[in-house]
1. Examine the stretch 208-220 for a residue that is within 30 Å of N114 (Cα to Cα), out of contact with any Leu (no Cβ under 7 Å at 6 or more places or on another chain) and surrounded by fewer than 23 Cβ atoms within 10 Å (Cβ to Cβ), and state whether such a residue exists.
2. Take the residues of the stretch 221-254 that are among the small types (G, A, S) and touching a helix residue (DSSP H, G or I) at 6+ places or on another chain (Cβ under 7 Å): which is surrounded by the most Cβ atoms within 10 Å (Cβ to Cβ)?
3. When only residues in the stretch 272-295 that are among the basic types (K, R) and touching a residue at least 40 places away in the same chain (Cβ under 8 Å) count, which is farthest from L238 (Cα to Cα)?
4. Of the numbered conditions (1) assigned to a loop (DSSP other than H, G, I, E, B); (2) farther than 23 Å from S248 by Cα, E153 satisfies every one except a single condition; which is it?
5. Pick from D266, D243: which is free of Cβ contacts under 8 Å to residues at least 24 places away in the same chain and not small (G, A, S)?
6. Of the residues that make up the stretch 279-286, is at least one crowded, with 17+ Cβ neighbours inside 10 Å and either within 21 Å of V227 (Cβ to Cβ) or touching a Ser or Thr at 6+ places or on another chain (Cβ under 6 Å) (or both)?
7. With respect to D89, determine if the residue is closer than 13 Å to A262 by Cβ, buried (at least 23 other Cβ atoms within 10 Å of the Cβ) and either among the acidic types (D, E) or modelled with pLDDT of 90 or more (or both).
8. In this structure, is K195 free of Cβ contacts under 8 Å to residues at least 12 places away in the same chain, of a type in the set (K, R) and more than 20 Å from D71 (Cβ to Cβ)?
Amino acid sequence: MKHFIIFIALIFSGLIIAFMNSNTNKVTTDNLVITVYASSSFVAKWGPGPALASLFEKQNNLKVEFVVSSDVSMTLQKISFEGKNSIADVVVGLDQFDLTRSAGKIKWKDITKNSSVSYSPEIEDLAKQQAFLAYNWAPMSFVTRQDLAVTVEKLDDLLKPELKGKIALQDPRTSSPGLQFLIWVFENKSMSDAKQFLKSLNQQVHSYSAGWSAAYGLFKNKQADIVFSYVTSPIYHLVEEKDPSYISLEFKEAHPLQIEFAGIPDSCKNCEGANKFVHFLQTTEAQKILMTKNYMLPIESKTKNSTAFDSIKVYKTKPFKVYDKVQLDDWIQIWSEVRKNEGF
C-alpha cells in the first residue's frame, strides 16, 4: 500500500510539472509573437510589410504575424468590435483622421518617444504625440505632367476654363486625400467663398473617386490632367518607370500634410514586443524600406540623403493638427449639400 501511495504521488507530481511547463511554454510562445493589424496594401509583396517583418525578426527574437483588413477603417472597426478580446498588439497605417475617428472608441497605450530620433523640421510637432508614433509623411498637392498647358499655382487657378472636366479628386467622405483637399479649401477661404469655390469646382472635376487609387488611375489613363496626390508621387514614376515627366505643383497656399502612424491598443497581448516594433519603424533601416515601398518621406530627413527622394522640394506646409470630428463632419456636410444642390 505504501508503494502504491508513493507511485500515485509521483504520477500526480509529474502531471503538475507537465501542466506548469505547458503554461510556461505557452507564455513563452505568446511572448515570441507580435500581432500587427494592417491594410492589404501594407502587407502586399510590393508593400513594406514583408521586408519590415523579415528585418525585425532578424534583429529580435520575435515573430511578426499580420492580420489583414481591406483598409484602416475596417481595421479600427474590427478592434472596436473585438474589445478586450482583440489580439492586436500594433496597428499600422493610421493617419491623423483615424486618430480622430478612433477617439472614444479605442483606448491606446502611450508610447515613450525615442529622444535620439530627429524629426524633420516640418513635422517637429509629431514628437509631442503621446499615443501614436509617426513613421512616414508627405505634403499633398496636385500632380501633373510637365506638358500641362495652364499655370496652376493657387487654389483659384483650379477654376481656369482649360481644366474643365480635367481634375481628378477624391470623395472626402471615403478618402483621406479627399478630406485633406476639403480642409485645404475651408482653411484658406471664408465660409461663403469656400461654398462658392466648391460650387464652381464641381464643373471642373472629372469625378470624385471613392479613393486615391481610382482618382490616380484616371490621371494615369489621361482622362484627367491633374490629380490631388502626394508630392512624392512623381518619384515613383521616376524610380519604377524611369519616367521624369511627372511633377507636383507648388501652391501659394501652405500645403496639407499626410502623416502615417503606428499605435498600440490598450488591449495588446504582447505589449513589450509591440513597443519594440513601433520604435523599430523609426530606425534608419526600417525608414529606408518605408520610404522606397510606400513612396513617402522618412521621419528623419537624413534618411533620404543620396536617394531620389533627396530631390523633392518640400513646399511650405501647414502645421500638423488633429481635427475635431464635429468640425470635419460639418465641412463634409457642406460639401455634400453643394454637390446635391448642383445636381451631382
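The values are calculated or read from the model by the stated rules, or taken from the named source; none is laboratory data. The structure presented is a predicted model; accordingly, all values stated were derived computationally and were not measured. As a convention, Cβ positions derive from the backbone with ideal geometry for all residues, glycine included, and neighbour counts pool all protein chains shown.
1. Taking the stretch 208-220 first, the residues within 30 Å of N114 (Cα to Cα) are none.
No, because not a single residue in the stretch 208-220 is within 30 Å of N114 (Cα to Cα), out of contact with any Leu (no Cβ under 7 Å at 6 or more places or on another chain) and surrounded by fewer than 23 Cβ atoms within 10 Å (Cβ to Cβ).
2. Initially, the stretch 221-254 is screened for residues among the small types (G, A, S), giving 224, 229, 233, 245, 248, 254.
If we keep only those that are touching a helix residue (DSSP H, G or I) at 6+ places or on another chain (Cβ under 7 Å) as well, we get 224, 229, 248.
Numbers: A224: 23, S229: 25, S248: 23.
Applying the filter and picking the extreme gives S229.
3. Looking only at the stretch 272-295, we keep the residues that are among the basic types (K, R), and these are 276, 288, 293.
Among the residues that remain, those that are also touching a residue at least 40 places away in the same chain (Cβ under 8 Å) are: 276, 293.
On the way: K276: 34, K293: 14 Å.
It comes out as K276.
4. (2)
5. Details: D266 fails: free of Cβ contacts under 8 Å to residues at least 24 places away in the same chain.
Sole residue among the options that is free of Cβ contacts under 8 Å to residues at least 24 places away in the same chain and not small (G, A, S): D243.
6. Of the stretch 279-286, the ones crowded, with 17+ Cβ neighbours inside 10 Å are 279-283, 286.
From what is left, the residues that are either within 21 Å of V227 (Cβ to Cβ) or touching a Ser or Thr at 6+ places or on another chain (Cβ under 6 Å) (or both) are none.
No.
7. Working: closer than 13 Å to A262 by Cβ: yes; buried (at least 23 other Cβ atoms within 10 Å of the Cβ): yes; either among the acidic types (D, E) or modelled with pLDDT of 90 or more (or both): yes.
Considered against the rule, which asks whether it is closer than 13 Å to A262 by Cβ, buried (at least 23 other Cβ atoms within 10 Å of the Cβ) and either among the acidic types (D, E) or modelled with pLDDT of 90 or more (or both), D89 comes out as yes.
8. On the way: free of Cβ contacts under 8 Å to residues at least 12 places away in the same chain: no; of a type in the set (K, R): yes; more than 20 Å from D71 (Cβ to Cβ): yes.
So K195 does not fit the description; no.
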